[in-house]
1. Going through segment 52-65 one residue at a time, which ones are buried (at least 17 other Cβ atoms within 10 Å of the Cβ) and assigned to a helix (DSSP H, G or I)?
2. Take Thr195 and decide whether it is surrounded by 10 or more Cβ atoms within 10 Å (Cβ to Cβ), free of Cβ contacts under 8 Å to residues at least 24 places away in the same chain and outside any helix (DSSP H, G or I).
3. Of everything in segment 1-31, what is surrounded by 15 or more Cβ atoms within 10 Å (Cβ to Cβ), touching a residue at least 60 places away in the same chain (Cβ under 8 Å) and in a loop (DSSP other than H, G, I, E, B)? Give them in sequence order.
4. Among Ser75, Ser81, which is surrounded by fewer than 18 Cβ atoms within 10 Å (Cβ to Cβ), polar (S, T, N, Q) and touching a residue at least 12 places away in the same chain (Cβ under 8 Å)?
5. With in contact with a Pro (Cβ under 9 Å, 6 or more places away or on another chain), aromatic (Phe, Trp, Tyr) and either at pLDDT below 95 or over 26 Å from Lys34 (Cα atoms) (or both) as the only criterion, which of Tyr116, Tyr145 stands out?
6. Restricting to segment 32-51, name every residue that is surrounded by fewer than 16 Cβ atoms within 10 Å (Cβ to Cβ) and either part of a loop (DSSP other than H, G, I, E, B) or without any contact (Cβ under 8 Å) to a residue 12 or more places away in the chain (or both).
7. Would you be able to say whether some residue in segment 103-110 is open to solvent by less than 60 Å² (accessible area, probe 1.4 Å) and part of a loop (DSSP other than H, G, I, E, B)?
8. Provide a single number: the residues in segment 162-187 that are of a type in the set (S, T, N, Q) and in contact with a helix residue (DSSP H, G or I) (Cβ under 7 Å, 6 or more places away or on another chain).
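The values are calculated or read from the model by the stated rules, or taken from the named source; none is laboratory data. As the structure is a computational prediction, the values presented were derived from the model and not from experiment. Glycine also receives a Cβ, built like all others from the backbone with ideal geometry; neighbour counts cover every protein chain displayed. These accessible areas exclude ligands, DNA and RNA; they are computed on the full protein's heavy atoms, side chains included. Shrake-Rupley method; radii C 1.70, N 1.55, O 1.52, S 1.80 Å.
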Amino acid sequence: KYHDSIHGKALEKSGLLVSAKCTDCHGNHEIRRKSDPLGGVFRANVPATCGKCHGGIQALYASGIHGSKLASGDSRVPVCSDCHTAHEIRRIDADAWKLDVLAECGSCHAQSLATYRDTFHGQVTSLGFTRVASCSDCHRAHDVYPKADARSSISSANRAATCGKCHPAATDSFAGYDPHADKHDAGRNPPLYWTARFMQLLLGGVFVFFGL
């Protein structure tokens, strides 16, 4: 797996000696199990281990909600290896990786993934295409912040600029589109909920009428 990874290819095919090797993550002599809190591949230590080479990314991750929760002791949040894997790390511009990481986000945010799949963006990715917005395009990849945080890419002040990355003419009104609309949740979007109920009744009525 390592030989076929971006690190392995960089080292063995391109001769980049600075690329990560086994010892960079696992250590030289004092190699510990991944269940050992003192080991470099212990879950809570993974960001720091990757950060030895990717310091800028580590800083972004640490400032975001995932990194903050990890620092507070919540081991359920994603770390580098959850999204990028440990040994078979692939290029992030590969279509297969972009599609796979959607499911990875959905492993924690199942409801958000389900409502995303109902949208145009989500349906296009379901067909195997990636030229539409996915999780990281809106929420960013490492420095993810809650919607109420002014630093968040989906805060009310930044939402239009975020949409504008793909839609240059995006306005605040355009950015008001709900990318996770749920037709089953009356509290989130009452007009959508009642429109969906009406359409179901209309469809049923049409079948009954023509059936009779």
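1. Gln58, Tyr61, Ala62
2. No, not satisfied.
3. Once the filter is applied, which keeps residues that are surrounded by 15 or more Cβ atoms within 10 Å (Cβ to Cβ), touching a residue at least 60 places away in the same chain (Cβ under 8 Å) and in a loop (DSSP other than H, G, I, E, B), segment 1-31 yields Tyr2, Ser5.
4. Checking each option against the conditions leaves just Ser75.
5. Working: Tyr145 fails: in contact with a Pro (Cβ under 9 Å, 6 or more places away or on another chain).
Exactly one of Tyr116, Tyr145 is in contact with a Pro (Cβ under 9 Å, 6 or more places away or on another chain), aromatic (Phe, Trp, Tyr) and either at pLDDT below 95 or over 26 Å from Lys34 (Cα atoms) (or both), namely Tyr116.
6. Arg32, Arg33, Lys34, Ser35, Asp36, Pro37, Leu38, Ala48
7. no
8. So the answer is 2.
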